[in-house]
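K.L.:
Got a structure for you, written out below as structure tokens; questions coming shortly.
The values are calculated or read from the model by the stated rules, or taken from the named source; none is laboratory data. Keep in mind that this is a model prediction, so the values were computed, not measured. Note that we place each Cβ from the backbone using ideal geometry, even for glycine, and neighbour counts take in every protein chain shown.
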Amino acid sequence: MNLKVLHEDNHLIAVNKPAGALVQGDQTGDVPLSEVVKNYIKIRYNKPGDVFLGVIHRLDRPVSGAVVFARTSKGLSRMNALFKKREIQKTYLAISRNRPDPITGHLTHFIAKDRSRNVAKAFHTLSNRAAEMKAKESSLDYEVIGEVDNRVLLQVKPHTGRPHQIRVQLSSIGCPIVGDIKYGDEQPNHNGSIHLHCHQLAFIHPVKKEPVVIKAEPPENLLWNKFEGVWGA
């Protein structure tokens, strides 16, 4: 894996996760991104023995973009607190075949995860069924920022961090993400990815108390390249 480091200091390290990579190990046994980052730190700083690396948050395997890890226990606990208090501003880019109506909006759903099937369901209200499934309120803002060749680029800012949140909420308004057949797109991408990318994370550094803005460029492929530069305008 070609590691792209976006930010690095004594307490944190952020990288641009490729679509298809695991953030943390699972039952597949595939080498996760966390181990690749550990190895990078070990070599770069000539560290003997085990390297500490705390997993703060995750991106779904088919999703690309910015992921932050903690290099110290202090960084881990304080970043966990920032995520819990929703003090991390997250900006995603998503490509859909459909244009939402309206083109700018706020979405609120109650999302429940069926872990046996690894799929989330979005309810418009906290119905009895939603309550039984322990659905949690979820919200995001979206905006259409580009349209090329019948593909629509959306900027999405989630306010909560529920499993598969952006994927299921966009699908619920008829705008499944390109390649995301789990949530209603027409066909998969050839490499198993979906066109959802964590473009930016912004927060106050938990130790230095300075503003941090981490930006990750989308993958180099034909569809993302059609919108090149739109997200930086």
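K.L.:
Taking interchain pairs and intrachain pairs at least six residues apart, which have beta carbon atoms under 7 angstrom, with the first residue in the range 7-32 and of a type in the set (Val, Ile, Thr) and the second in a loop (DSSP other than H, G, I, E, B)?
P.N.:
Going by the 7 Å Cβ cut-off, the qualifying pairs are Ile13/Arg71; Val15/Leu3; Val15/Lys4; Val23/Pro32; Val23/Arg58; Val23/Leu59.
K.L.:
Right, here's the next one. Among the residues of the range 50-77, which ones are under 22 Å from Val207 (Cα atoms) and within 18 Å of the chain's Cα centre (by Cα)?
P.N.:
Gly54, Val55, Ile56, His57, Arg58, Ala66, Val67, Val68, Phe69, Ala70
K.L.:
On to the next question. Does Arg117 fit the bill of being part of a loop (DSSP other than H, G, I, E, B) and more than 15 Å from the chain's Cα centre (by Cα)?
P.N.:
yes
K.L.:
In addition: Which condition number does Lys74 fail, the rest of (1) of a type outside the set (A, V, I, L, M); (2) over 27 Å from Ile95 (Cα atoms); (3) assigned to a loop (DSSP other than H, G, I, E, B) being met?
P.N.:
The one condition Lys74 does not meet is (3).
K.L.:
Given the criteria over 19 Å from Pro32 (Cα atoms), crowded, with 16+ Cβ neighbours inside 10 Å and touching a residue at least 12 places away in the same chain (Cβ under 8 Å), does Ser73 qualify?
P.N.:
No.
K.L.:
Where residues in the range 9-49 are surrounded by fewer than 14 Cβ atoms within 10 Å (Cβ to Cβ) and either among the β-branched types (Val, Ile, Thr) or closer than 24 Å to Gln200 by Cα (or both), which of them is farthest from the chain's Cα centre (by Cα)?
P.N.:
Looking at the filtered set, the residue picked out is Ile43.
K.L.:
Output the residues belonging to the range 77-109 that are in a loop (DSSP other than H, G, I, E, B), among the charged types (D, E, K, R) and within 23 Å of Ala19 (Cα to Cα).
P.N.:
Arg97
K.L.:
Mind checking whether some residue in the range 131-147 is in contact with an Asp or Glu (Cβ under 8 Å, 6 or more places away or on another chain) and assigned to a helix (DSSP H, G or I)?
P.N.:
No, the range 131-147 contains no residue that is in contact with an Asp or Glu (Cβ under 8 Å, 6 or more places away or on another chain) and assigned to a helix (DSSP H, G or I).
K.L.:
Let me ask another. Just to be sure, is Val36 within 26 Å of His164 (Cβ to Cβ) and in a helix (DSSP H, G or I)?
P.N.:
yes
K.L.:
So which residues in the range 126-146 are surrounded by 15 or more Cβ atoms within 10 Å (Cβ to Cβ) and farther than 22 Å from Leu82 by Cβ, if there are any at all?
P.N.:
Ala130, Met133, Ala135, Tyr142, Val144, Ile145, Gly146, listed by residue number.
K.L.:
Check Arg129 against each of (1) modelled with pLDDT of 95 or more; (2) farther than 22 Å from Lys4 by Cβ and name the one condition it does not meet.
P.N.:
Exception for Arg129: condition (1).
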